[in-house]
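Worksheet: the structure to be examined is printed underneath.
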Amino acid sequence: MRLPVSFYERPALTVARELLGTHLVLEEGGERRVGRIVETEAYIGEYDLACHAAKGRTARTEVLFGPPGRAYVYFIYGMHHCFNVVTETEGLAGAVLIRGVEPVEGLPPHRRTDGPGRLCSAFGITLAHNRADLQTAGLYLTAGVAVPEERVGQGPRIGVDYAGVWAQAPFRIWIRDSVYVSKVPSQRGRCRP
């Protein structure tokens, strides 16, 4: 069963935590691909300088302002797609980037799913999925098994150094023991691939 709109209609940081353990599903072209979400990042509004909405409403960012439960897909570095779910109430910008999934069904065994670009490539998520309604489209999320707090890690987001102090906000959330997390802190507090 698809996650209801009410699941997404909450603060991005809450949704980012509760997405851990849920399933990302893409049914398209007669194929079904499923992955268990193991890593997310929250982007919490226009005042969050790491959020695309910080530059205001544009043709690209309009989807971030709602309604909740839509896909926000963008293309970066001329090579990677990134998939986000839109959160918050309509009119407030917010989204959660899906950073890593554990393969469950239909994903090619040789394709990596640790990192937002890799998972989109493995799933076949592209700009064609931008703005998709997760209630009616072939791209959607379903409930999974809840992840207990002792297995959850939280720390700074990745790749947003331009955002100043916002880059250090602990808005990246992951399952500690998953090998499908894109980067995990080492014992010295640094990140490794």
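Which residue, of Ala143, Ala132, Ala122, is surrounded by fewer than 20 Cβ atoms within 10 Å (Cβ to Cβ), touching a residue at least 24 places away in the same chain (Cβ under 8 Å), of a type outside the set (Val, Ile, Thr) and in contact with a Leu (Cβ under 9 Å, 6 or more places away or on another chain)? Steps first, please.
Working: Ala132 fails: surrounded by fewer than 20 Cβ atoms within 10 Å (Cβ to Cβ); Ala122 fails: surrounded by fewer than 20 Cβ atoms within 10 Å (Cβ to Cβ).
Unique residue meeting the criteria: Ala143.
Given the criterion under 18 Å from Ala169 (Cβ atoms), surrounded by 15 or more Cβ atoms within 10 Å (Cβ to Cβ) and of a type in the set (A, V, I, L, M, F, W, C), identify the matching residue among Ile44, Ile37. Show your work before the answer.
On the way: Ile37 fails: under 18 Å from Ala169 (Cβ atoms).
From the options Ile44, Ile37, the qualifying one is Ile44.
Limited to region 47-64, what total is found for residues that are under 18 Å from Ala128 (Cα atoms) and crowded, with 19+ Cβ neighbours inside 10 Å?
Of the residues in region 47-64, 3 are under 18 Å from Ala128 (Cα atoms) and crowded, with 19+ Cβ neighbours inside 10 Å.
Based on what the data block shows, is Arg17 surrounded by fewer than 23 Cβ atoms within 10 Å (Cβ to Cβ), under 13 Å from the mean Cα position of the chain (by Cα) and more than 14 Å from Leu141 (Cα to Cα)?
Values: surrounded by fewer than 23 Cβ atoms within 10 Å (Cβ to Cβ): yes; under 13 Å from the mean Cα position of the chain (by Cα): yes; more than 14 Å from Leu141 (Cα to Cα): yes.
Yes; evaluated as a whole, the condition is true for this residue.
If only one of Leu97, Leu134, Leu92 is within 27 Å of Pro170 (Cβ to Cβ) and touching a Gly at 6+ places or on another chain (Cβ under 6 Å), which one is it? Walk me through it before giving the result.
Values: Leu97 fails: touching a Gly at 6+ places or on another chain (Cβ under 6 Å); Leu92 fails: touching a Gly at 6+ places or on another chain (Cβ under 6 Å).
Answer to the check: Leu134.
Would you pick out the residues in region 144-171 that are in a strand (DSSP E or B) and either of a type outside the set (A, V, I, L, M, F, W, C) or in contact with a His (Cβ under 9 Å, 6 or more places away or on another chain) (or both)?
Gly153, Gln154, Gly155
It is to be established whether one or more residues within region 93-108 are within 25 Å of Ala59 (Cα to Cα) and without any contact (Cβ under 8 Å) to a residue 60 or more places away in the chain.
Quick first cut of region 93-108, residues within 25 Å of Ala59 (Cα to Cα) only: 93-99.
Filter again for without any contact (Cβ under 8 Å) to a residue 60 or more places away in the chain, leaving 93, 97.
For region 93-108, residues within 25 Å of Ala59 (Cα to Cα) and without any contact (Cβ under 8 Å) to a residue 60 or more places away in the chain: present.
Assigned to a loop (DSSP other than H, G, I, E, B), over 17 Å from Ala128 (Cα atoms) and among the polar types (S, T, N, Q), is that true of Thr40? Steps first, please.
Details: assigned to a loop (DSSP other than H, G, I, E, B): no; over 17 Å from Ala128 (Cα atoms): yes; among the polar types (S, T, N, Q): yes.
Criteria not met by Thr40.
Provide a single number: the residues in region 65-92 that are surrounded by fewer than 17 Cβ atoms within 10 Å (Cβ to Cβ), assigned to a loop (DSSP other than H, G, I, E, B), in contact (Cβ under 8 Å) with a residue 40 or more places away in the chain and not hydroxyl-bearing (Ser, Thr, Tyr).
Number of matching residues: 1.
Conditions first: (1) closer than 14 Å to Cys120 by Cβ; (2) over 13 Å from the mean Cα position of the chain (by Cα); (3) β-branched (Val, Ile, Thr). Val73 passes all but one, so which condition is the exception?
Single failed check for Val73: (2).
Pick from Arg111, Arg10, Arg33: which is of a type outside the set (A, V, I, L, M, F, W, C), closer than 16 Å to Leu134 by Cβ and in a loop (DSSP other than H, G, I, E, B)?
Just one listed residue meets the conditions, Arg10.
Take region 128-143 and flag every residue that is assigned to a loop (DSSP other than H, G, I, E, B) and either closer than 17 Å to Arg36 by Cβ or in contact with a Ser or Thr (Cβ under 6 Å, 6 or more places away or on another chain) (or both). Let's see the steps before the verdict.
Of the residues in region 128-143, the ones assigned to a loop (DSSP other than H, G, I, E, B) are 130-132, 134-138, 143.
If the condition is that a residue be assigned to a loop (DSSP other than H, G, I, E, B) and either closer than 17 Å to Arg36 by Cβ or in contact with a Ser or Thr (Cβ under 6 Å, 6 or more places away or on another chain) (or both), then Leu134, Ala143 are the ones that fit.
Every read-out reported here was derived from the displayed coordinates using simple, explicitly stated rules and does not represent laboratory data. Values in this document were obtained by computation on a predicted structure and should not be read as measured data. When we count neighbours, we look across all protein chains shown, and the Cβ atoms used for this are built from the backbone with ideal geometry, even at glycine.
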